[in-house]
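Coordinate-derived values only; no laboratory data. The model shown is predicted, which means the values in this text are computed figures rather than measured ones. We place every Cβ from the backbone using ideal geometry, glycine too, and count neighbours over all the protein chains shown.
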Amino acid sequence: MGLDYLKDFVKLKFSNLKVAVHYGCHIVKPSEKRPWNGEYEAPRFLDEIVEITGAKSINYKDKYMCCGAGGAVRTAVKEVAADFTREKLVNMRDAGVDIIINCCPFCHLQLDLGQVEVNNIYADIIGEPFNIPVIYITQLLGVAFGMDPNLLGLIKNHELQGVSPFISIDPFLNIVKEQLI
């Protein structure tokens, strides 16, 4: 479809929304099987999609590093996975991001639930606990296209425990409300 096609659907332009894009390992690798024109070491396609919404994709240290969940690391050695996640989150926070955007359900879990785990495991070294909302690129686009956040799964309409989002996305929803005023 392309960026020009998507731009035509944007009804809400975000201003001052700083986004940490997390590509995830499997969207760019194995590189010979992906349609990104060889752009797999430092891709920009998700950053470009984010920026058609008016949001700013922020560069941060080790942007293309694994979130910690891949390769069964989360299952096999949760502490190693949490350490990867801690490193990513520290770098994102240092860059001053408002939200994290991703496209992989496993990365989403690691960056969402992983914040809770990192806050517990590394409380003595991280300083302020992490509280960065994590949403899918499709949800960001949906909001920018004028879709109801409820229909996009952004509003938790239940009291179930152990169900995403683990980190509140209210800060993002407040930014959306401000944009609509």
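Taking amide H positions as modeled 1.01 Å from N, with prolines and chain starts lacking one, the residues under 5 Å from Val21 and 5 or more places away or on another chain are Ile58, Ile101. Charging the Cβ of each Asp and Glu at -1 and of each Lys and Arg at +1, and nothing else, the dipole of region 3-180 about its Cα centre rounds to 240 debye.
Pairs spanning more than 24 Å between alpha-carbon atoms, out of Lys18/Lys78; Lys11/Lys56; Lys13/Lys177; Lys18/Lys61; Lys11/Lys61; Lys56/Lys78: Lys18/Lys78; Lys11/Lys61; Lys56/Lys78. Put simply, the amide H of Val134, placed in the peptide plane, has neighbours under 5 Å in Ile100, leaving out anything fewer than 5 places away on its chain. Based on the Cβ-Cβ distance of Asp4 and Asn120, what FRET efficiency does E = 1/(1 + (r/R0)^6) give at R0 = 41 Å, to the nearest 0.05? Step by step, r from the Cβ atoms, then E = 0.35.
Average projection, convex hull of the Cα set of the chain: 11.0 square nanometres. Highest average first, the peptides 17-23, 45-51, 151-157 ordered by how many other beta carbon atoms sit within 10 Å of their residues are 17-23, 45-51, 151-157.
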